Amino acid sequence: MEVVYLILAALVGVVIGVAIGRVLLRKVFQKEEEEAREKAKLIIREAELSAENIKKDKILEAKEKYLKLKAEFEEDANKKKQIIITNESKLKQREQGIQQKEQNLAKGLEQIKRKESELDTLKEELTEQMEVANRKREEAEKLRNSQVEKLEKIANLTAEDARNQLVEALKDEAQSHASAYIKNIVEEAKLTATKDAKKVVLETIQRTATEHAIENCVSVFNIESDDIKGKIIGREGRNIRALEAATGVEIIVDDTPEAIIISGFDPVRREIARLSLHRLVQDGRIHPARIEEIVAKTTKNIEEEIVEIGERTVIDLGIHGLHPELIKMVGRMRFRSSYGQNLLQHSREVAKLCATMAAELGLNVKFAKRAGLLHDIGKVWPEEPELPHAILGMELAKKYKEHPEVCNAIGAHHDEIEMTTMISPIVQACDAISGSRPGARREVMESYIKRLKELEELAVSFDGVTKCYAIQAGRELRVMVDAENVTDERANLLSYDISQKIEKDMQYPGQIKVTVIREMRAVSYAK
């Protein structure tokens, strides 16, 4: 029985515990549900606040964008309005200009009409004066004939007999005057014989210029080992780019052992790059900032060296009183070449040859030497003018107060202008001697011949051209045309058309003179 009671008591206790547990769980669940509801309300409230803020921000952004677009639209409208106003003002100015021209034309027409009327009046007056002059001439002829008849009656001689006697009387006097005149001519010929002989000698020199060779120069930067190439290139090539930007040349680093190639059309820039590389390698610090510093210093040193070279050259040649700017240009010749020939060495040789020839011919040695040194000064002018280098050199010499004989020799050494002094052909001959020697200049013979053939073929392609010859080493083109099919006016137009075609289609040094020759021949046979 006690066991039964214990079991019943245990069951009752379990039932009561379950009931109490359920009550407690319900309260816990209710509490969590209330907390969840509160959290949900907070989240909803925060979401509403965030949405409100976002809405306000978007509204502000929309307003700002609207104002910005409005300002841009107004700005564009104002610009267009200003353009319209400007165009209207220009149109008004053009209309005023046209009206002014019309007024000037009207005035010009009035003046022409007035002058025409004046010319008609003068024509009538001249006609009347000619009629009066004819009447007076007839009267004078009648009077002369009557006087001749009277004189024949008085002298008992005809006019023919009197003329013969007068001729006999004047014959002896005429012979004496003629002998004196012949003597004067002979003396004048003796005085001018020396000048004529010099001219003949100079023409002979121009046809027989002697040829001999000189050395050619190349510029390559040598390095001690290939390890230095990596320093010069820099990280991702930044040093090379900085050096190229600072000097204006192209630095070529290839597989050539212990050498770096510097490429550029300006020799001065190449020399600046070479010296800068030398200093950077010696210093060991190679980076963009250091490169710019070294290039700036080297450029300044090169300018000073150019002046020093020019001064040393004129001192060596014994030339005095040369303008500082011309001395600087002489120094720049050291870094300039023509077909591979160093321009300064070429000019020094021409100056010495000119001095020798002038001394042999009894001309002014100083002027000849100055003209020889300065004859190619137009090639080193820093700008790129449209004039040929000979004409440009002459203008520079005139600008810096050189003697007219020197200026003419500079401008005429390629026949751009007429030679007016005896020094001019000397400079031309010496320039040919120095430039035409084997090895002095580099120009591939095949390309040279090909260029001349293309030049002749270009001219022959025009209608009316029968023959064409490229002469003076390609500096002049002589074109023969058919006289029956080409008129004089067409010949003038043809020379212009050929020159324009050459400028458009061909590449050549200096300038090319186009001469169109039209010759009419009349041939017949006597049988």
> Just for the Cα atoms in segment 292-373, what are the lengths along the principal axes, largest first, rounded to whole Å?
Replying inline: 55, 30, 16
> Which part of segment 89-112 falls in the paramagnetic zone of residue 121, meaning amide N under 17 Å from the point 7 Å along Cα-to-beta-carbon?
Replying inline: 110-112
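Could you state the accessible area per residue of segment 77-136 in Å², with a 1.4 Å probe and every protein chain left in place? Don't jump to the answer; show the numbers that get you there.
On the way: 5840 Å² over 60 residues.
Value for segment 77-136: 97 Å² per residue.
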>> On the Cα set of segment 5-47, report Rg and Dmax in Å, please.
In response: 18.5, 62
> Once fully extended, how much extra length lies between residue 515 and residue 20, figured as 0.36 nm per residue of separation less the alpha-carbon to alpha-carbon distance?
Replying inline: 165.1 nm
>> From zero outward in steps of 5 Å, how is the percent of C-alpha pairs of segment 457-517 spread across the bins?
In response: 4, 20, 33, 25, 12, 5, 1
>> What are the equivalent ellipsoid semi-axes of segment 46-118, built from the alpha-carbon gyration tensor (square roots of five times its eigenvalues), in whole angstrom, biggest first?
In response: 70, 4, 4
> What area, in nm² and to one decimal, does the C-alpha convex hull of segment 1-153 cast on average over all directions?
Replying inline: 25.4
> Going by the alpha-carbon gyration tensor, a ≥ b ≥ c the square roots of its eigenvalues, is segment 237-396 rounded (a/c under 1.5) or, if a/c is not under 1.5, prolate (a/b greater than b/c) versus oblate?
Replying inline: prolate
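Can you give me the relative contact order of segment 233-350 as a percent, contacts being Cα pairs under 8 Å and 6 or more apart? Write out the running numbers ahead of the final one.
Values: 118 pairs, mean separation 23.4, N = 118.
Averaging sequence separation for qualifying contacts and normalising by length gives 20 percent for segment 233-350.
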> Along each of its three principal axes, how wide is the spread of alpha-carbon positions in segment 355-429, in whole angstrom units, largest first?
Replying inline: 38, 21, 17
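Would you mind getting me the FRET efficiency between residue 497 and residue 290? Use the beta-carbon distance for r and R0 = 60 Å, nearest 0.05. Each step should come with its number before you reach the end.
Values: r = 57 Å, r/R0 = 0.95.
In this case the efficiency is close to 0.60.
The values are calculated or read from the model by the stated rules, or taken from the named source; none is laboratory data. Everything numeric in this text was worked out from a predicted model, so none of it was measured. We place every Cβ from the backbone using ideal geometry, glycine too, and count neighbours over all the protein chains shown. Protein only, heavy atoms only, side chains kept; ligands, DNA and RNA dropped before computing areas. Shrake-Rupley method; radii C 1.70, N 1.55, O 1.52, S 1.80 Å.
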